[in-house]
1. Before we move on, is V301 at pLDDT 90 or above, touching a helix residue (DSSP H, G or I) at 6+ places or on another chain (Cβ under 7 Å) and not in a helix (DSSP H, G or I)?
2. Scan (1) surrounded by 19 or more Cβ atoms within 10 Å (Cβ to Cβ); (2) at pLDDT 90 or above for the single condition D897 breaks and write down its number.
3. For the structure I just gave you, tell me whether A518 is at pLDDT 85 or above, over 20 Å from R600 (Cβ atoms) and open to solvent by 30 Å² or more (accessible area, probe 1.4 Å).
4. Please enumerate the residues belonging to segment 406-438 that are open to solvent by less than 20 Å² (accessible area, probe 1.4 Å), closer than 19 Å to M450 by Cα and hydrophobic (A, V, I, L, M, F, W, C).
5. Among the numbered conditions (1) closer than 30 Å to H60 by Cα; (2) part of a loop (DSSP other than H, G, I, E, B); (3) open to solvent by 50 Å² or more (accessible area, probe 1.4 Å), tell me where E202 comes up short.
6. Tell me yes or no: at least one residue of segment 175-184 is surrounded by fewer than 22 Cβ atoms within 10 Å (Cβ to Cβ) and under 26 Å from the mean Cα position of the chain (by Cα).
7. Answer yes or no as to whether T31 is within 21 Å of L138 (Cα to Cα), of a type in the set (S, T, N, Q) and surrounded by fewer than 16 Cβ atoms within 10 Å (Cβ to Cβ).
8. Between a residue in segment 525-541 that is more than 20 Å from L603 (Cα to Cα) and part of a helix (DSSP H, G or I) and any residue that is of a type in the set (V, I, T) and open to solvent by 20 Å² or more (accessible area, probe 1.4 Å), which pairs come within a Cβ distance under 9 Å, given they are 6 or more apart or on different chains?
Amino acid sequence: MIQMDNLSDVGNCLRALDSSNKASDRKKNATTLQQLVDTDLVRRVLDSNTEEQRRITWDHVLRGVNKYVSIELSSLKTAKESQSATTIASRGKRKNELADFFKLVVRVANGRGAKLSASLLIDSILDVLNDEYSLDALGADYSNVLLKSVLCVRAYWLELTPAQWRKLLHIYCKLFEEKAVDRDIVVRIIQELVTGNIQQGELNPKRLFVFFSRVMENISEVRAVLENLLMALNSFCKAVAPGCRAQLCGFGERHMSSLKSLWEKASTEKIKEELVSFFHLLVRAHHPHGVATSRDGAFAVDWDLWQSQLLLLHELVVSDIDTQAGSYKIISGSKESGLKPSYISFAADIFKQLPLSKIVPVSPDWSLTQVTQFTSQAGDGHVDPIGAATPVKRQRLGPEKKALLEILKESSGTLQAVPWLQVLRQLLHTYPEMFDKAGLHLTLELLVNMLGRCKKGHLYQHLFAALSAVTSALHQHSSHSQQQSQLLSALWSHCLSTINSRQAGVEGYQEQGFTTMACILHCGYIQPRPEIWNLFLPGLCRPCPASDRLLTALICQGLPENHIPSIVGISSSAAAAVDTSRPGSVQSESSHPLRNCLMRWLLPVQDGMGGCADGLRQTGLSPHRVADILHALTLQDLTVVLRQTHPCTPSHSHSLSHQSLESMYLHNLFELPHKGRHKIAEISVSCGPSSKEEGKKYCSPHIPSVVKYLSNQVLQVSKSLENVELTEGWSGMRQSLSYLCSMLEWDKDDLAAPEKATMFYVAELVRSALPANFVDLLLEIMSGKVQDLDLDLFDGAQSNNNKHGSSDDDVDVDLGISTGAMSAPGLKSNRNFLCNTSLTDAQHVQMVSVRLLVNLISFDCRQACEPITFEQPFRVGMDSDFVKSKLLQRISIDIFDPTSALDVHILLTIMDQLLKNDHCVTHADVKALLRAVKQSAKEHQRDQQVCCKLLESLRHVVPHLNWPQPGDKTGSSLPEALALCRDFFFKILSSFWQHACNGTPPLKLRVAEVLLDLVKVGLNIS
């Protein structure tokens, strides 16, 4: 009864706000309504009514407030103008009261989730913005509500239509130019609206380029809001760059002078980062993959103007780096000094488009023995050639007038050389073809001299990185001079004397030294002594990518099978037995101490569980690489595996987004076919086809070592479970499970028939090696029941694999995606539903457990083309069908929650992994997956990003709808279960098609990709 009375009071107040002709009565009822909606009882009743859509809801309250605000504003607008201070203050107070009333209702309604209609909220704000008087009175307050209470709420974000996104962006761009509302608020709203149009709508590039052009023409007026404005500009340009290359290039060329002034007067580091990001995008749009001419794929609206602007950018970058380098004197103890990777990549792309003289001096007299004097001292006795009696004082050249090697030479031995070394290394890695033989020789000579004089640990790291790049580039040239050979020998000696110390490991430049030595070995001018193998002793250096590169290079030079590594050096008896023959020679198992030592170095296992865990933490190699090296060590010719599976130098590629954009530019050329980006020379020597004798197993007793490694990982999982309540426990278990997962994620698609047959054997070996309770453990983790687990994994008890979960064979009658379904309201600042950062550590562990379970049931022997026979008997492993049924039960209707980000992640993971090759998948399994996809699509139909992910997962279903399957020559008729799956699939796809008609371009593209896959497999899509 009390609830009814309160609700009646709310209704009476709302009617009075609209019908009363007296301002005093309206104000009295407005005050009463504010007091009512701020009480817990009224809030609960309105929340309940809103959810059930009955009687008075929050939307009714907001409509009443809107009418009241409209009436009061009309009254203020028609009132007689008065210039008295009292009248002006009174009107200002009334305007503030109206704004506070609106903000109160929105704040209280959204206090427990999004209870208001997004369309009603947007219409309320637009009504104020479209009226000149209302805009002046309430524009700032309503814009603040839009920014803080609408655009940051996921439910409202998803409910806005593409038309509303475009309309809002157009209005606020207009308000920004008219200065009608506080620009700080407006530019932040523009930034959010640009992001919203990218994700949920569709941008209008022409209109926005015009807007940003006008902003750049008056850039001095917007310096106070420059940071957010540049962020909006970058988001917009990156989104439209694939389809608006000419407009983007023209925009950058026209406004380079304005951008230059922003760079010179940048007040914060964030502004400079945004400018670097925009400049870099501009350079990539003009010169994708570094091409220099229009014939190769470069583009500019005005080539003469753009060439002059490239020189301007070069001067800005060089001057800025020189300024930053001067500060390293003060922070010499910091190991973080240096340029950011994005800045380094941008600087390298700028240097690429300039003449080589900007990098390597062209003067034949340039020498390393004496630093060139660019400034002569007054009174040095210099006489002008014409005969002038007074000394001539030369003008000191700025850094932008010098070549890169000249700047390096002047800063030799100091930390001021660090940023220049970073830029030089990036140039050599990314564009080695721009250096000729003489330039590489000068670069190598300079860097070797700098290494000989270096005394700072942080400088060693960058010197070694640059030396690795230059030695890799040298390998492209077929012939080398004697001077280069001497320089490489001197460099090898410097590396040996530098990295073989405790300080090298502590200060972090030992690994870079390993990489440099590997590059020198691949050049072929150094024949290492056997003592170099002493580095690969447990405790001297840890397994890491750098030491792996050195190991690979040494093995390619020849493996001294009888060498016995020792921490004190090689003994005379062992030295006499050193065999430096080629790696193909046949040796008996007992005469290979070096191989056994390398295995101990690779897998440092100690007694006890704690020792295993400590040893596993010391390795920096991925399980994939560990497996490659172990495989190689069991072959007569180790290079058969190592040369094919590992490059000698680390790759330093640009970001994937930049790569795809530049490749698209070049692939869309019609003048010439794209030849691909020039890569660093393939250092590793390609292997010819190996015979069966070369590839046969030579040391099969080492297979238990691999199984032991697997067991150690499982023990680490058990140890982590003992501290699951601690963050360290979850993270430790996540790392261990990820290791196991990566060990079992084989590249199935590229395997030849003999290799595939071997994989069935290996998969069965892995399954039999796991503890009996380990699969039960993973299933419990997947279900979120970690607290009740039995942690004794190695008690020898067999898991009950005959248990079967309840089947989910319900027939879903409603196959369409409802157009009226509402998306679940989300939390603020969490607009990306599938963002990995929104998951907790425990949920990440559940995700990894799902991946591991799917991988464990791959390569089932029942899927093999030929019967698989095993040389040794295995104990009965896991029941693959039981594990698969548990995975599918996790996404069944009774358990699967489409409003949970974790559940949708699990669904996408299962579809991505389970529907690949070498898994036993039935038509019933496919239908169960499609049912979960349909549930998710109905719940998240307004979220364009989730819909795109679901469509990507549907592409994995297409091959399972084909009939007959590849290799089936029986000519049998289409099974009824498959026909039902096809019907279900096409109805879901049809709903997506209808939804994509008014969706974003990425959503339309995903639908087209699914249709293309259907055409490829020959399915009828009519």
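1. Yes; evaluated as a whole, the condition is true for this residue.
2. (1)
3. no
4. I407, L408, L415, A417, V418, W420, L421, V423, L424, L427, L428
5. (1)
6. Among the residues of segment 175-184, not one is surrounded by fewer than 22 Cβ atoms within 10 Å (Cβ to Cβ) and under 26 Å from the mean Cα position of the chain (by Cα), which makes the answer no.
7. yes
8. P530/I570; P530/V578; P530/T580; E531/I570
The values are calculated or read from the model by the stated rules, or taken from the named source; none is laboratory data. Predicted model, so just to flag it, every value in this text is computed and none were measured. Don't worry about glycine lacking a Cβ; one is built from the backbone with ideal geometry, like all the others, and counts go over all protein chains shown. Ligands, DNA and RNA are excluded from the accessible area calculation, which covers all protein heavy atoms including side chains. Shrake-Rupley method; radii C 1.70, N 1.55, O 1.52, S 1.80 Å.
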